[in-house]
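Worksheet for the structure shown next.
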Amino acid sequence: MREKLGSITFQAQEAMKELIKFGESKHSAKTEFLKNYRGNKAINEFMSGFGKESGIFSFETFRNYLAVAVSAAKYAKENFSLKDISKINSEMINAFLQAGIDKNLAKSSIQKYSAALEKFETALSIKYSQKYDFQIKTGLLQEKENLQTKQRSGYHPYSNPIAIVEKIKTMDIKESHKIAIELALKTGLRLHKALLSGIKINPETLSTQSKGGRIKTMTVSSELAGKIANLANDKGVFKLSRQDYKDILSALGKAALATNQHYEACHGFRHSFFLEKSAKLQEKGMNVKDSWNKTSREDMDHNRLVKNYTRG
């Protein structure tokens, strides 16, 4: 008969207990680790190896690291249906970290998560006598720095936004999230503001509050309008929560990774929409600058040309 696993929280706690070294000397542990150290003698590499592979000597540190490990385990259960903690893998862990980045955690917090999850990796390796490699360091802090750079300089269009939407359609996420992402692709709206304030279904169009309190009116296909109408409340408004929006960002991050594209949040669709609309005007004979101005004012809800949208 198979041993009862217990809750995912219990399993994570039991694994982390493998690292408890309360009351033992950290200095002595470092000395012993150095005797068996096989890397070169660079102090930073030695400290990194000791930090990952040693036990935890402080109750406060253990409590903090345990909280991260449990959060990661719960995330894997909720998003990947994980029931057995021994089956946790790098995809689940990095999706958990990406969700943290999407929520705009500080770089220092991401570093703390990284340290805690490396300990979790070691704890699991000890408990289940097998090697775990979450690939935590690979590009993690660079991704955070990339996001901060985007916040300063603006987002770019997705290289293939349709591929992202098609990937999203295959993912196990809420139907309302899939529809919201498709709507962002087709209309270029500010998805965050639109979803929180609500999108009203009118007889022939959709409308929502835009920047500065203006009302943005959108025309979409009857098929898409029908999907949105099916998800609207009894007042005929399609509205989602802040948590829904965070979940949408998490799904976009996974879809971008799966389609080999840079993550550009929802705003990447807005940029793609701008380029597509202005290109169609140019095909009809309008010069580039006029097409940009017209699209910016009439479709993007700006009262001037925003040059960030003109970048490829």
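The values are calculated or read from the model by the stated rules, or taken from the named source; none is laboratory data. Keep in mind it's a predicted model, so treat the numbers as computed, not measured. Here the Cβ positions follow ideal geometry from the backbone for every residue, glycine too, while neighbour counts run over all protein chains shown.
For the list (1) touching an Asp or Glu at 6+ places or on another chain (Cβ under 8 Å); (2) under 30 Å from ALA15 (Cα atoms); (3) modelled with pLDDT of 90 or more, I need the number of the one condition that ASP133 fails.
(3)
Just the residues that are more than 20 Å from GLU91 (Cα to Cα), within 16 Å of the chain's Cα centre (by Cα), at pLDDT 90 or above and outside any helix (DSSP H, G or I), please, taken from the stretch 139-173.
Hits for the stretch 139-173: nothing passes.
Scanning the stretch 290-312 for residues that are assigned to a helix (DSSP H, G or I) and among the basic types (Lys, Arg), which turns out modelled with the lowest pLDDT? Quick ask: steps written out before the conclusion?
The first filter runs over the stretch 290-312 and keeps only residues assigned to a helix (DSSP H, G or I), leaving 290-298, 307-310.
Next, only the ones that are among the basic types (Lys, Arg) stay: 294, 297, 307.
Values: LYS294: 79, ARG297: 73, LYS307: 53.
Here the residue is LYS307.
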